[in-house]
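Reviewing the structure listed below.
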């Protein structure tokens, strides 16, 4: 039975501003959520980011207050089942994710299992990850060189802040420079910046120039499955959906979306097990899956990384975001040599160090 539960707000500065075609931020605000039973604690992170498909900060706070008020004296398994079944949290996925993580963290600790093995018995212990470098115009050759030396083989860049022409020119300059070699590819994220004709122009030229592009995320401002399928047929790489999944396409089967890849943010999709079910369905249909964070605190990044271990996708995952934060709530998972090794200890791995 849950003996104690609560949440406390946090406000963490970034080392540098995060930018994209959908806007940016220089701080991450949210709540550390905790539950206690039998001398053990479970933690979750509610860090809403509307641009990524979550509710507002205000809506998340109001829902957290309601959810936490229901917890005392309830069985963990009952609460998890209720959270799976209820519909009143559908519009507040970040709040739902936080409580889901806290309960799952506690449940896996009680069973003596890592969170990933509690989610899936065939979970993996090691994940390839991509480097997250920021907006294309703000990335210099030195950043690319350092990422290569650190072992990353997929480097993610935000495009769409400038015009497609400017972005293409910048990409050509990067690729021609010695900091990008044959062993490195670029993952582009347009964050819904382009009209269909702009996306066609950009993708056609990428194909002609044979630039080392691994994938392009959210290419269209107004995506439809038909338009996305047309673009995917043109593209020399995988196209991916991300923030439009929980907003525009929440009711559609992933096999109907016209792309080869899904980028899954469990904080925007409403929880660990919901995201795991979607990932398994997509992978069974031959669709690639990448799990990424929302630049959350360590309390959110740990369970997100554990979920990626449960999904076991071989594609580099978007989990190397801890270094974007100048302060944190605890020690965060950090990759070495382009890989993230997950611990064997029970729970998510998060230990709170801030009071």
Practice task
Once you have a ≥ b ≥ c as the square roots of the Cα gyration tensor eigenvalues for the stretch 4-112, tell me rounded if a/c is under 1.5, and otherwise prolate or oblate according to whether a/b is larger than b/c.
Solution key: prolate
Handout entry: Mean separation of Cα contacts under 8 Å (6+ apart) over length of the stretch 117-341, as relative contact order %
Key = 24
Fill in the blank from the handout: Between residue 352 and residue 208, Cβ-based FRET efficiency (R0 51 Å, step 0.05) works out to 0.50
Completion exercise
Rounded to the nearest 0.05, FRET efficiency between residue 142 and residue 26 (Cβ-Cβ, R0 22 Å) equals 0.50
Practice task
Give me the number: length gained by fully extending residue 3 to residue 234, i.e. 0.36 nm times residue separation minus the C-alpha to C-alpha distance, one decimal in nm.
Solution key: 77.5 nm
Handout entry: FRET efficiency estimate (nearest 0.05) - Cβ-Cβ, residue 121 to residue 78, R0 25 angstrom
Key = 0.65
Problem - residue 334 versus residue 277: modelled label distance in nm, points set 7 Å from Cα along the beta carbon direction - result: 3.7
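Read the figures in this text as sums done on the coordinates, not as results from a lab. Everything numeric in this text was worked out from a predicted model, so none of it was measured. FYI the Cβ positions are ideal-geometry reconstructions off the backbone, even for glycines, and counts take in every protein chain you see.
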